[in-house]
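Reviewing the structure listed below.
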Amino acid sequence: MGDLIIRGMLPEDIDQIAHIESICFSMPWSKASFENELKNELAYYQVAEVSGKVVAYMGMWKIIDECHITNVAVLPEYRNRGIASILIKKMIDICRCSEISAMTLEVRVSNEPAINLYKKHGFLPVGKRPRYYYKPIEDALIMWRKVD
Ligand SMILES: CC(C)(COP(=O)(O)OP(=O)(O)OC[C@H]1O[C@@H](n2cnc3c(N)ncnc32)[C@H](O)[C@@H]1OP(=O)(O)O)[C@@H](O)C(=O)NCCC(=O)NCCS
């Protein structure tokens, strides 16, 4: 793997991010959704770039003193190399610097890789949202992490 760069999302990343999104999710966000996120003052998106190619991204919304993680995805051929972990650590650092007291997210109850990733970084399961997802219909696990 070439050098890994973590940086904020730029307008020119959106085609690549939408491509990653379409590969990773059954209900992908559109390009327009990501364009709106660039204009959203509450939204923070980081991308991971390897040799000039965007291979992963992660987003969150800062809502008062809470962070809501919107999405995290890594291209399949770049998984299991710690890239999602680097992005999460970066988001935790951003939260620490912004007086955020806690972070939360939803994840499909069957998504073992993502649940393990979040647990590894201190997120705890606190409840479920029944039938939160479509394609296929599935419950969401709600996870929270305090920011110290
Ligand atoms: C979940 C995802 C983001 C993980 O990205 P990644 O860069 O491969 O993750 P990392 O290499 O940083 O792995 C960190 C930890 O996640 C867990 N993990 C990652 N892949 C896993 C797998 N296939 N099975 C089980 N646990 C896994 C492990 O706990 C791992 O720690 P370890 O290496 O010490 O065992 C990636 O698989 C992905 O993009 N999936 C599709 C999109 C998605 O489901 N996003 C989450 C939506 S809520």
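The values are calculated or read from the model by the stated rules, or taken from the named source; none is laboratory data. It should be emphasised that the depicted structure is a prediction, and the values quoted were computed from it without experimental measurement. Note: ideal-geometry Cβ built from the backbone for every residue, glycine included; neighbour counts use all protein chains shown. With ligands, DNA and RNA removed, areas are computed over all heavy atoms of the protein, side chains included. Shrake-Rupley method; radii C 1.70, N 1.55, O 1.52, S 1.80 Å.
Side notes on the structure shown:
- Residue in the stretch 63-70 that is in contact (Cβ under 8 Å) with a residue 60 or more places away in the chain, in contact with a Ser or Thr (Cβ under 8 Å, 6 or more places away or on another chain) and more than 10 Å from the ligand (Cβ to nearest atom) present: yes
- For the stretch 91-104, the condition holds for no residue, the condition being that it is within 12 Å of the ligand (Cβ to nearest atom) and either in contact (Cβ under 8 Å) with a residue 60 or more places away in the chain or within 30 Å of Ser51 (Cα to Cα) (or both).
- Among the residues of the stretch 71-83, just one is among the hydrophobic types (A, V, I, L, M, F, W, C) and open to solvent by 20 Å² or more (accessible area, probe 1.4 Å), namely Val72.
- Condition broken by Cys95, with the remaining ones in (1) farther than 17 Å from Cys24 by Cα; (2) open to solvent by 20 Å² or more (accessible area, probe 1.4 Å) satisfied: (2)
- Hey, Tyr118 surrounded by 12 or more Cβ atoms within 10 Å (Cβ to Cβ) and within 15 Å of His68 (Cα to Cα) or not: yes
- Tallying residues that are of a type outside the set (Lys, Arg), surrounded by fewer than 20 Cβ atoms within 10 Å (Cβ to Cβ) and farther than 21 Å from Asn80 by Cβ within the stretch 23-70 yields 22.
- The set of residues in the stretch 1-44 being assigned to a strand (DSSP E or B) and more than 15 Å from the chain's Cα centre (by Cα) consists of Leu4, Ile5.
- Residues (open to solvent by 20 Å² or more (accessible area, probe 1.4 Å) and either out of contact with any strand residue (DSSP E or B) (no Cβ under 6 Å at 6 or more places or on another chain) or among the small types (Gly, Ala, Ser) (or both)) located in the stretch 8-22: Gly8, Leu10, Pro11, Glu12, Asp15, His19, Ser22
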